[in-house]
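The values are calculated or read from the model by the stated rules, or taken from the named source; none is laboratory data. Bear in mind the structure is a predicted one, so any value in this text is a computation, not a measurement. Here the Cβ positions follow ideal geometry from the backbone for every residue, glycine too, while neighbour counts run over all protein chains shown. These area figures cover heavy atoms from the full protein model, side chains too; ligands, DNA and RNA do not enter into them. Shrake-Rupley method; radii C 1.70, N 1.55, O 1.52, S 1.80 Å.
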Amino acid sequence: AMAIWMTINGKRAIGRDTALGIVEDIVPRFRGFDQIDPQELPSKVLTYLVERSGLLQAPAIDQFEFRHSSLQDYLAAHEVFRQNHVSHLLRNAHDPLYHDVIIMAVAQAEDDSQRQGELLHGLIRRAENESEHSRRLWLLAAACVADTGLVDPELDTRIKSETARLLPPADLYEADSVAAAGEFVLDLLADAANQPG
């Protein structure tokens with residue numbers, strides 16, 4: 001819950017009061033805390049997440065962040081479908097903060113072709129309709145299907161054929177545009193460089 005809140009709010013860190021509020025909201029889902037004073041429980045859970053679990057760290061007083069941004073992205077991706085944030089994710093797909101979340105959400109939806117298709121079709125629609133972000137969104141879609149073996153074959157073919165014309169970049173302008181898409185493009189460039197012809 002904390003990871004998706006941070007992602008939706010464009011944050012890599014969260015304040016203590018907000019974190020305590022999120023913990024307080026999810027604590028009722030868990031059993032076995034009857035022996036702890038309910039008023040102290042959120043603070044104890046937050047302390048545990050920092051001191052014992054290794055999930056969070058406190059880089060400043062009353063501030064928390066995930067030890068690795070990839071962990072935040074993974075946990076946020078897990079919550080995307082559960083909390084119905086797919087539309088928000090797609091609206092912000094051009095933002096680098098969301099790239100890894102989207103890639104991980106597609107991978108986590110391998111057993112649900114409808115959910116996976118919802119994300120990929122959403123990326124394609126935006127790529128076709130928004131010239132400003134088109135290149136970035138096509139490359140993001142390609143990164144989503146690059147390591148996922150269970151994508152609908154038609155979608156996979158469509159995305160790969162569309163991105164094949166983007167890589168390698170033909171000139172300096174295209175290189176800048178590809179570089180702006182984010183670090184995930186490095187793997188796609190390596191694949192393009194290894195293609196025959």
Q. Considering only the other residues whose Cβ falls under 13 Å of the Cβ of THR7, what net charge follows from Lys and Arg at +1 and Asp and Glu at -1?
A. -2
Q: Leaving out ligands and nucleic acids, note down the accessible area per residue over the chain with a 1.4 angstrom probe, in whole Å².
A: 58 Å²
(Q) Once neighbouring chains are kept in place and the probe is 1.4 Å, which whole percent of the accessible area of the chain is contributed by carbon and sulfur? (A) 48 percent
Q.
Counting only other residues whose beta carbon sits under 12 Å from that of LEU89, what net charge do I get with K and R as +1, D and E as -1?
A. -2
Q.
Report the Rg/Rh value for the chain, based on alpha-carbon coordinates and the Kirkwood definition of Rh.
A. 1.06
(Q) Charges on Cβ only, +1 for Lys and Arg, -1 for Asp and Glu, centred on the Cα centroid of the chain; of SER131, TYR98, ALA146, which one is farthest towards the dipole's positive end? (A) TYR98
Q: Could you work out the local net charge near HIS133, counting Lys and Arg as +1, Asp and Glu as -1, over the other residues with Cβ closer than 12 Å to its Cβ?
A: +1
Q) Ordering ILE22, ILE8 from largest to smallest accessible area (1.4 angstrom probe), what's the sequence? A) ILE8, ILE22
Q: Go through segment 59-164 and name the GluC sites (Glu not before Pro) that are in a DSSP coil and have 11 or fewer other Cβ atoms within 10 Å of their Cβ.
A: GLU132
